[in-house]
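J.: Quick one: this structure, given as structure tokens, is what I'll be asking you about.
The values are calculated or read from the model by the stated rules, or taken from the named source; none is laboratory data. None of the values given here were measured: they were computed from a predicted structure. Every residue, glycine as well, gets a Cβ built from its backbone with ideal geometry; the counts of neighbours run over all protein chains shown.
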Amino acid sequence: MRKHYIDNLRWIAILLLIPYHAAMAWNVWDEPNYIYFESNKIISSIIIFLSPYFMPLLFFLAGISTKFSLQKRSAKQYILERFKKLLLPFIAGTLLLMPVMTYIADKANYGYQGNLFQHYSIFFTKFTDLTGADGGFSVGQFWFILYLFIISILSIGIIALQKKIIPECKKEIPFWLIPLLGLPLPILGNLLSVGGKSLAEYTYIFLMGYYIFSDEAIICKISKHNYFFLFTGIIATIVNVYLFIWSDMKYQMTNTVAKFVSEWFMLIAMIGLGKDCLDFSGKVSDYMSKSSFPFYIFHFIWVVLFQYLIHGICSNNTFLLYTIPVFLAYGATFLCYKICIRIPFLCFLTGIKTKKGTNQF
């Protein structure tokens, strides 16, 4: 039986990517971005409010989905599917979309005067901080697809090894242990990290989804205490935002604790609330589920392009400069999906299903 709340949580999280990435143009911690305007604490707070948990949620849901996927597919079939649905779109996106984004960044940030085709040589030969903000090589938002591909392949090996060593891996755990499962996150967050994105941390979250939170009994336990997890998670998130953005004092240890409490408790809360409130299907939810993967692929290029174009029109109005590109990017991204779904070759490059079904990560 399909778990509709997993699909619904996924597309809701992905919709947040546009306002999240649009806000990066105002970040106060001087992180390079394709478009950068000025520091703004209010807009930056949007990023820090979402960042602890909304990308981890996608790895979490992918781990749960993998559990159900392997009940219908062999490991070989699963791996082949990962190559088609993750590795190929990663390569296509990096080679076709990222040069355009870094070209816009080079023009906006460094006044590059050449045309797009001339800039391709810069993209493929300039390797600096890998952010793409200086026009150099970058995988951009496709880091997530690459990480998910690597984690998926690694996890198949881990699962196969576990089945040999512990054939009967029971997941019945007491409720009090569920919050404590987040304790390794601060340590893992510093391991195998590139640009602040830890492969070790996301692998752990993926495996927690696979082994623990794919169990209906566990979800039922969580759903009885949804609001405890949600309240704790929101308080930790607010503390994290305050300490990172608004506090003049540096409380690095407290900030770190708040960040990881926010991450783990919000993940638990969302999976429980999803089960209680989002376990349904309909025309809108089915459409959004099918379009979520191509939405991820195309959303950022439109954010960058519209911010670049709108800046010349309303550069003195921060509210319009933020909101107009956000709304335009939503429309353009969905239009890209409508176009791709009608062209088999584009479906192949982007991992989009041409037949009835859901495009899962």
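J.: Would you confirm whether any residue within the range 46-67 is over 30 Å from Val284 (Cα atoms) and either touching a Cys at 6+ places or on another chain (Cβ under 9 Å) or at pLDDT below 95 (or both)?
T.: no
J.: Residues Leu161, Leu183: which one is assigned to a loop (DSSP other than H, G, I, E, B), aliphatic (A, V, I, L, M) and over 19 Å from the mean Cα position of the chain (by Cα)?
T.: One residue alone meets the criteria, Leu183.
J.: Conditions first: (1) touching a Gly at 6+ places or on another chain (Cβ under 9 Å); (2) of a type in the set (Val, Ile, Thr); (3) crowded, with 16+ Cβ neighbours inside 10 Å. Thr128 passes all but one, so which condition is the exception?
T.: (3)
J.: Among the residues of the range 20-32, how many are under 22 Å from Val100 (Cβ atoms) and at pLDDT below 95?
T.: 2
J.: Between a residue in the range 101-115 that is free of Cβ contacts under 8 Å to residues at least 12 places away in the same chain and any residue that is among the aromatic types (Phe, Trp, Tyr), which pairs come within a Cβ distance under 6 Å, given they are 6 or more apart or on different chains?
T.: So the pair list comes out empty.
J.: Which residue out of Phe244, Phe293, Phe213 is assigned to a loop (DSSP other than H, G, I, E, B) and surrounded by 20 or more Cβ atoms within 10 Å (Cβ to Cβ)? Before you say what the answer is, go through the steps one by one.
T.: Details: Phe244 fails: assigned to a loop (DSSP other than H, G, I, E, B); Phe293 fails: assigned to a loop (DSSP other than H, G, I, E, B).
Step by step, each of Phe244, Phe293, Phe213 is checked, and only Phe213 is assigned to a loop (DSSP other than H, G, I, E, B) and surrounded by 20 or more Cβ atoms within 10 Å (Cβ to Cβ).
J.: Assess whether Ala13 counts as being surrounded by 23 or more Cβ atoms within 10 Å (Cβ to Cβ), of a type in the set (A, V, I, L, M) and at pLDDT 95 or above.
T.: For Ala13, the condition - surrounded by 23 or more Cβ atoms within 10 Å (Cβ to Cβ), of a type in the set (A, V, I, L, M) and at pLDDT 95 or above - is not met.
J.: Restricting to the range 303-312, name every residue that is in a helix (DSSP H, G or I) and over 17 Å from the mean Cα position of the chain (by Cα).
T.: Residues satisfying the conditions are Val304, Leu305, Phe306, Gln307, Tyr308, Leu309, Ile310, His311.
J.: Is it fair to say Thr333 is buried (at least 22 other Cβ atoms within 10 Å of the Cβ) and of a type in the set (S, T, N, Q)?
T.: yes
J.: Among what's in the range 188-200 and is in contact with an Asp or Glu (Cβ under 9 Å, 6 or more places away or on another chain) and outside any loop (DSSP other than H, G, I, E, B), pick the residue that is modelled with the highest pLDDT.
T.: By that ranking, first place goes to Leu188.
J.: Does Lys85 satisfy being over 19 Å from His311 (Cβ atoms), basic (Lys, Arg) and out of contact with any helix residue (DSSP H, G or I) (no Cβ under 7 Å at 6 or more places or on another chain)?
T.: Yes.
J.: Is it true that Lys163 is among the basic types (Lys, Arg) and in contact (Cβ under 8 Å) with a residue 24 or more places away in the chain?
T.: No, not satisfied.
J.: Could you tell me which residue of the range 24-45 is surrounded by the fewest Cβ atoms within 10 Å (Cβ to Cβ), considering only residues that are in contact with a Phe, Trp or Tyr (Cβ under 7 Å, 6 or more places away or on another chain) and assigned to a helix (DSSP H, G or I)?
T.: Only one residue tops the list, namely Lys41.
J.: Hey, among Phe144, Phe68, Phe59, Phe90, which residue is part of a helix (DSSP H, G or I), in contact (Cβ under 8 Å) with a residue 12 or more places away in the chain and touching a Leu at 6+ places or on another chain (Cβ under 6 Å)?
T.: Phe90
J.: Output the number of residues of the range 97-137 satisfying the condition of being farther than 17 Å from Phe37 by Cβ and in a helix (DSSP H, G or I).
T.: Count: 13.
J.: Scan the range 142-152 residue by residue and report those that are crowded, with 21+ Cβ neighbours inside 10 Å and either closer than 23 Å to Ser121 by Cα or among the acidic types (Asp, Glu) (or both).
T.: Correct list: Phe142 only.
J.: Here's a check for you: in the range 190-223, which residue that is over 20 Å from Leu177 (Cα atoms) and aliphatic (A, V, I, L, M) is nearest to the chain's Cα centre (by Cα)?
T.: Per the criteria, the residue is Leu199.
J.: Against the condition buried (at least 20 other Cβ atoms within 10 Å of the Cβ) and out of contact with any Gly (no Cβ under 9 Å at 6 or more places or on another chain), how does Ala160 come out, does it pass?
T.: no
J.: Report whether or not Asp276 is charged (D, E, K, R), surrounded by fewer than 16 Cβ atoms within 10 Å (Cβ to Cβ) and closer than 20 Å to Phe49 by Cα. Can you show your working first?
T.: Numbers: charged (D, E, K, R): yes; surrounded by fewer than 16 Cβ atoms within 10 Å (Cβ to Cβ): yes; closer than 20 Å to Phe49 by Cα: no.
So Asp276 does not fit the description; no.
J.: Looking at the range 313-347, which of the residues that are of a type outside the set (A, V, I, L, M) and not in a helix (DSSP H, G or I) is farthest from Ile14 (Cα to Cα)? Give the steps one after another, and end with the answer.
T.: So in the range 313-347, the residues of a type outside the set (A, V, I, L, M) come out as 314-319, 322-323, 325, 327, 330-331, 333-334, 336-338, 340, 342, 344-345, 347.
Then drop every residue that is not not in a helix (DSSP H, G or I), which leaves 314-317, 342.
Numbers: Cys314: 27, Ser315: 28, Asn316: 29, Asn317: 27, Arg342: 22 Å.
Result: Asn316.
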